[in-house]
Amino acid sequence: MMSLRILLMAGAMIAVTGCNKAPGPATNTSTTETNTSSSSTTAASASSDPVASAESAAPASLAHDAAIVTVGADGKMNQVRAGKNGWTCMPDAPDTPGPDPMCFDGNAAKWADAWVHHKPPPDGTPGVMYMLEGGTDASNTDPYAKQPTADNDWIKTGPHIMLVGSKAMLAGYPSGAKPDTSTPYVMWAGTPYAHLMVPVNK
C-alpha cells in the first residue's frame, strides 16, 4: 500500500538524518501505470541488489549520490550507503503489491513525518519524491486508508513525481475524487496532506 510505503519512508527519514553529508534542493515526484514484468523485475532486484532497486526510483544524476536505506523485517531502518546530496532512496518493498522504490529530499521527509504522526505538515517548503518505477495503489481521498472500500476512491498509480509541502502549487489542478491519473492531479484534496501527483513517462 502507498500508505504503508510512505510510513516506512518517514521512518527512514528519521533514521537517516545523519546519513547525508550535505543538504540537497527540493524536487518532484510522479505516478504512472506499471506492468507485471516491471514489477517482478524491480522486486527481484530489490532483494538481490537494494542499491540498484533504490536508485531506479530517480534520475541517475540524483540517485547516484543519495543515501540508501532499507527496512528490515523488524521495521528498523538500515543504512546501506551514506549520501552526499541530501536525498534518500529506498528499494522496492516486496510486501507491497506494486513496484515502489522511492527517493525523497529532506522537505518531503518532514512532510511525510507530519502525515505519519497526524501533525500539521509544513507549508511553503516544497519537497519532492521520485517514484519512477511506479507506486503502490492508494485511496485518493483518505490519507490513512489501508485497503480499498466502496467509498474511498482507490486509484492505480504508475511512475510519478510527488510535489508536497505547498498549498499554493496545487491551484488550478484537478482535485476530484476520481482523477485522470494520466495527467497531474491533486491527491488527498481537502486534507492537510494534499499534494500534487505528476505522472511521467520513463
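The numbers here are math on the coordinates, done by the rules we state, and not lab data. Everything numeric in this text was worked out from a predicted model, so none of it was measured. Cβ: placed from backbone, ideal geometry, glycine included. Neighbour counts: every protein chain shown.
Residues whose amide H lies under 5 Å from that of Y193, counting only those 5 or more places away or on a different chain, are absent; hydrogens are built 1.01 Å from N in the peptide plane. Listed by chain and number, the aspartates and glutamates whose C-alpha is less than 17 Å from the C-alpha of K146, apart from same-chain residues fewer than 8 away, are D95, D100, D137.
Take the Cα of V80, step 7 Å toward its Cβ, do the same at A60, and the gap between the two points is 1.8 nm. The lysines whose alpha-carbon is closer than 23 Å to the alpha-carbon of K202, local same-chain residues fewer than 8 away aside, are K156. This ranking places T70, T191 by how few other beta-carbon atoms lie within 10 Å of each, fewest first, which gives T191, T70. Using a simple spin-label model with pseudo-atoms 7 Å out from Cα toward Cβ, K202 and A171 lie 3.6 nm apart. In order along the stretch 77-90, the Karplus-derived 3J(HN,Hα) couplings, from 6.51 cos²θ - 1.76 cosθ + 1.60 at θ = phi - 60°, round to 8, 10, 7, 8, 8, 6, x, 10, 10, x, 9, 10, 10, 10 Hz, and Gly and Pro are given as x.
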